[in-house]
Amino acid sequence: FTVFAPTDAAFSKLPAGTIPALLNDIPTLRSILLYHVVPGNVFANQVVNLTSATTVGGQDVSVSVRNGQVFINDSRVIITNIRASNGVIHVIDTVLLP
């Protein structure tokens, strides 16, 4: 899997009360979590050649390169290619919302 993982600072950008509300709305929370995961290992050198990717939740995210920086929707990728036992992680600066 490829996971676009928001930083703690990304979560702090969410409106007040969002996280407690999501913890009480498991279907919506699940949808948001799955929106951060793409099937397969997609490394940074591959991401830059994409214009979109379909998440495991079935929705597409847009991929763009602007001024030498990679964005997933409007979230900037700030750290790439963290290898995990079951895939790769790219750290992003904003929570992705479907």
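The table for this structure:
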item	result
Additional length obtainable on full extension of the chain from N67 to F1, 0.36 nm per residue less Cα span	21.0 nm
Gained length - T80 relative to N45, 0.36 nm times residue gap less alpha-carbon distance	11.6 nm
For the chain: relative contact order, % (alpha-carbon pairs under 8 angstrom, 6 or more apart)	37 percent
3J(HN,Hα) from dihedral phi, segment 27-41, Karplus parametrisation 6.51/-1.76/1.60, rounded to Hz, x for glycine, proline	x, 5, 4, 4, 4, 5, 4, 5, 6, 9, 10, 10, x, x, 8
Translational diffusion coefficient (Stokes-Einstein; Kirkwood radius from C-alpha pairs) of the chain at 25 °C, 0.890 mPa s, in µm²/s	179 µm²/s
Check: the chain dipole with +1 on Lys, Arg Cβ and -1 on Asp, Glu Cβ, in debye	140 debye
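Taken together, the values in this text are just the output of simple stated rules run on the coordinates, not laboratory data. These numbers come from a predicted model, not from an experiment. Glycine also receives a Cβ, built like all others from the backbone with ideal geometry; neighbour counts cover every protein chain displayed.
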